[in-house]
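The values are calculated or read from the model by the stated rules, or taken from the named source; none is laboratory data. Computed from a predicted structure; not experimentally measured. Cβ placement follows ideal geometry from the backbone for every residue including glycine, while neighbour counts extend to all protein chains displayed.
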Amino acid sequence: MSHHIVAVKHLQHVYADGTVALQDVNFTIHHGESVAIIGANGAGKSTLLLHLNGYLTPTAGEIRIGDFPLTKQTLPEIRRTVGMVFQDPDDQLFMPTVFDDVAFGPFNLGLPSDEVRQRVREVLEQVGAAHLMEKPPYHLSGGEKKRVAIATVLSMSPDILVMDEPTSGLDPFARRQLIGLLKNFRHTRIFTSHDLDMVLELCERTIILHQGVVKADGPTPEIFGDEALLAQCRLEKPLSMQGCPMCGQGRREQRNAGRKGSGGVNDS
């Protein structure tokens, strides 16, 4: 398989109501890269991700996964290569139990029952959800559903992991657990997120979408260091780059106010 594992060329998508979601989007993601696609609400992030394994068909342009263009003929193979985790786990969970949901993909690959059971146990342990194996998905919390949805994709052993807002709905412990899991995923990772601190921690490269157009594509620290670019695209720096107002800016303001007060007393 080509090292240029994901190539998007002149991608355009127009919805049936005439809304232009993507305009001439171009990028190439190499094998093993970890890439964030960020932007304000409505920027086109989810629409873009849904093209990467054929859930949406481009209005114009081309997508290549490895050496193959994404077409109806190549779609089954590409969906085995590209694992997609949706923003809403209810879009992904539909079987009577968690075990059945996670086993669904491997069984459809024709794997023997013993291997499927082993895979299910391993991936549920990876996401901290082994104790949920026999529960029905509709009895799970939002965070538990998210972890199980991730397990359904990992059970397919994808070469490319695509995730739409992976930390949405997770508590701090589950978020940290997910970040650890993603750090250990050795293949290509592509995800959208408003969790910019996670982006800073996991992604060496960031693409900004704004109104369906790629406004920037480069090293993550440089992207987050460009305040004018972030403001133009309705974004802010990650909280870890903003500093603590109580320890930094807030204290400086207090000191400045104290000096002014002292000056007033001396002038009287």
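Listed by first and then second residue, the pairs linking a residue in segment 153-171 that is over 16 Å from residue 184 (Cα atoms) and in contact (Cβ under 8 Å) with a residue 60 or more places away in the chain to a residue that is among the polar types (S, T, N, Q) and not in a loop (DSSP other than H, G, I, E, B), with Cβ atoms under 7 Å apart and 6 or more places separating them unless they lie on different chains, are 164/46; 164/192; 165/192.
Filtering segment 169-202 to residues that are under 10 Å from the mean Cα position of the chain (by Cα) and either closer than 16 Å to residue 43 by Cβ or part of a loop (DSSP other than H, G, I, E, B) (or both) leaves 190, 191, 192, 193, 194, 195, 199.
Would you please name the residue that is surrounded by the fewest Cβ atoms within 10 Å (Cβ to Cβ), looking only at residues in segment 14-35 that are without any contact (Cβ under 8 Å) to a residue 60 or more places away in the chain and hydrophobic (A, V, I, L, M, F, W, C)? Checked segment 14-35; the qualifying residue surrounded by the fewest Cβ atoms within 10 Å (Cβ to Cβ) is 16.
Counting only strands (runs of 3 or more DSSP E) that sit completely within segment 34-104, those holding 2 or more residues that are farther than 18 Å from residue 24 by Cβ and touching a strand residue (DSSP E or B) at 6+ places or on another chain (Cβ under 6 Å) correspond to 34-38, 82-85.
To keep it simple, each residue is scored yes or no on (1) surrounded by 15 or more Cβ atoms within 10 Å (Cβ to Cβ); (2) among the aliphatic types (A, V, I, L, M); (3) within 30 Å of residue 13 (Cβ to Cβ); (4) at pLDDT 95 or above.
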position	(1), (2), (3), (4)
68	yes, no, yes, no
74	yes, no, yes, no
78	yes, yes, yes, no
86	yes, no, yes, no
110	no, no, no, no
127	yes, yes, no, no
145	yes, no, yes, no
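Select from segment 206-236 the residues that are of a type in the set (Val, Ile, Thr) and part of a strand (DSSP E or B) and list them in ascending order.
Residues of segment 206-236 of a type in the set (Val, Ile, Thr): 206-208, 213-214, 220, 223.
Residues satisfying the conditions are 206, 207, 208, 213, 214.
For segment 4-33, the set of residues classified as aromatic (Phe, Trp, Tyr), more than 17 Å from the chain's Cα centre (by Cα) and assigned to a strand (DSSP E or B) is empty.
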